[in-house]
Amino acid sequence: KFSWDETAKQAIAAWESLQIARPERQPALPLGRKPRLAFVSPMPPERTGIADYSAELLPVLSKYYDIDLVVAQDQVDDRWVNHCAKVRDVVWLRAHAGEVERVLYQMGNSPFHRHMLALIEEIPGVVVLHDFYLSGLMAWLELHGGAGYVWTKALYDTHGYAAVHARYQKAKVAQQHFPVNGHVVRHALGVIVHSEFSRNLARSWYGGCWGADWRVIPLLRAPSKGIDRATARKQLGFDERSILVCSFGFLDQTKLNHRLLQAWLKSALAANTHCHLVFVGENHGGDYGADLLKTINKSDCKSRIRITGFASPELFKQYLAAADIAVQLRTQSRGETSASVLDCMNYGLPVIVNAHGAMAELGYDTVWMLPDEFDDAMLVDALEQLWRSPEKRLHLGEQARKRIMEYHDPDACARQYAEAIEAFYERVANGLPALIHALAEEMHTRLSDNDMMQLASALSHNHPLPRLNKRLYLDITATSRNDLKTGIERVVRALTLALLEAPPEGYRIEPVYLSYENGRWVYRYARRYTLG
């Protein structure tokens, strides 16, 4: 009855019962003096949707925070920022990190965010993960950005040896398959995503506990206003009899633009001289873009099909106002939320999508939802039904606009941001960043260099970064040293390779060896041998 084990079990049970019984408490929003927030993001005129998104978020978020905008660009082209915000650079943030109370990173899968990788480790903050996959950014840094083997190292750190092997066998496949976001999610004080799909990707890749405390905040959209339909159509050269089918955004094979082109050419719309197909965005380079142009030029109705090229915000909005039907398709989702779909819905357009990634979370009553894997006949049918029925177009467009107003209102999204940021910072108030700050404030003048080294070591052991997967350590001491290729060594090599290629679910394999150092035996990672 009085054993240590029994006492410990009862104590743990009591703690857990108290935790379960405690109601979930929403952290208080900042009142009175607004906390100082460093907002790290690309901004217009950079050609990235995250820049435009940040420009919409900043004015409404400023209700809760005194904002320093941190950018890695020479110019910011935004009216609100230029009149109301303090624009800083990365050097300033490093020098004034102690003065900033909150940090928010807008992180995406492109070179526009390369400076954030080091900052997130040096100055941890809340990360808005616009793309669950960061493999495009990491691969670009290694292959084109002159950053050394950062992608290869990130593949190993996040996913293990199998990912490194894939990178050197089939680099494109490795880039498509592995998210490589471990560095970011492990150093983040909290993570915000825009869909349950992204949170489920975290569970799928790293286990059930990952993503559980991430916050899902809808992608905000300000109510559409400005140019009216008749004016937009006149400016673009279309009359009132024209039926305009548009697809918005950068053309790429992941957007299935070729599927829309094929379906439109097969449909009755291709034979009607009043029907037009417009791809509002920049055409993908290489074979994919060339094949699209070839198909268009071969068709009998090529004069009624156009690709606009890069669309300025003004031209983009003109087409949103002028269009009759929008088609936004996806495959190979990187965990992103399509801002273009929300733009179309915001303008009251009937939108045809397929149930892929985050788009599957849109209500069936607000968009025309095709299956994730659809055939051309389904898309042809959707196009023809909406073309022939103005009533269906109107109803679906009204439902789409209603959903945007209900779920994507800027003020409501900004409040959710503030609640999430405060919750994350409240959770880490006694965590490692706060502890380091307190120790630096109180003790740095009283500790010798040796004391600080010991303290740093203790902090490292007591507050390790969260691991993405459990490890299974495989002792290959004798084989890694000798590898005589005898029967035992052959068995060990075969077992090691088999485990590396197909590890038990939830684990990653780490071959290790024993080393005698300073009078004691220690385990070391057998990386050189394993890579060989």
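The values are calculated or read from the model by the stated rules, or taken from the named source; none is laboratory data. Note that this is a predicted model, so its numbers are computed, not measured. Neighbour counts are summed over all protein chains in view; Cβ atoms, including those assigned to glycine, are modelled from backbone coordinates with ideal geometry. These area figures cover heavy atoms from the full protein model, side chains too; ligands, DNA and RNA do not enter into them. Shrake-Rupley method; radii C 1.70, N 1.55, O 1.52, S 1.80 Å.
Observations
- When the convex hull of its Cα atoms is viewed from all sides, the stretch 172-236 shows a mean projected area of 8.0 nm².
- Per residue, the convex hull volume that the Cα atoms of the stretch 403-494 enclose (Å³): 205 Å³
- Accessible area of the stretch 272-396 divided out per residue, in Å², using a probe of 1.4 angstrom: 42 Å²
- Here, the stretch 20-165 is characterised by an Rg to Rh ratio of 1.03, where Rg is the alpha-carbon radius of gyration and Rh the Kirkwood radius.
- Histogram of C-alpha separations across the chain, 10 Å bin width, %: 3, 15, 23, 23, 18, 10, 5, 2, 0
- Enclosed volume per residue, in Å³, of the convex hull spanned by Cα atoms of the stretch 99-252: 187 Å³
- Taken over the stretch 197-319, the convex hull of the Cα atoms encloses 148 Å³ per residue.
- Among the protein heavy atoms of the chain, carbon and sulfur supply 53% of the accessible surface, probe 1.4 Å, non-protein parts ignored.
- Peptide ranges 203-214, 154-165 listed from the most packed, as the mean C-beta count within 10 angstrom indicates: 154-165, 203-214
- Crossing angle, helix 4-21 versus the chain [Cα axis fit, 0-90 degrees, rounded to tens]: 20 degrees
- Summarising the label geometry, the points placed 7 Å from Cα in the beta-carbon direction at GLU517 and MET452 lie 2.4 nm from one another.
- The chain - percent relative contact order, Cα under 8 Å, separation 6 or more: 13 percent
- For the stretch 444-532, the per residue solvent-accessible surface stands at 74 Å², with DNA, RNA and ligands left out and a 1.4 Å probe.
- Per residue, the chain reaches -14000 deg cm²/dmol at 222 nm when only DSSP H runs of four or more residues are counted, each adding -39500 (n - 2.57).
- A 1.4 Å probe run over the protein chains yields, for the stretch 1-160, 53 Å² of accessible area per residue, whole-number rounding.
- Helix 449-462 and the longest principal axis of the Cα set of the chain meet at an angle near 60°.
- Taking Cα centre as origin and charging only the Cβ of basic (Lys, Arg, +1) and acidic (Asp, Glu, -1) residues, the dipole magnitude of the stretch 378-532 rounds to 780 debye.
- For the stretch 444-504, the square roots of the Cα gyration tensor eigenvalues, ordered a ≥ b ≥ c, give a/c of at least 1.5 with a/b no greater than b/c, which places it in the oblate category.
- Backbone geometry of the stretch 491-500 corresponds, through the Karplus equation with coefficients 6.51, -1.76 and 1.60 at θ = phi - 60°, to 3J(HN,Hα) couplings of 5, 5, 4, 5, 5, 4, 4, 5, 5, 5 Hz, x marking Gly and Pro.
- Protection proxy ranking for 43-52, 89-98, using the average of other Cβ atoms within 10 Å per residue and placing the highest first: 43-52, 89-98.
- When each of the peptides 448-456, 382-390, 193-201, 282-290 is scored by how many other beta carbons lie within 10 Å of its residues on average, the order from highest to lowest is 193-201, 382-390, 282-290, 448-456.
- Crossing angle, helix 49-61 versus the chain [Cα axis fit, 0-90 degrees, rounded to tens]: 80 degrees
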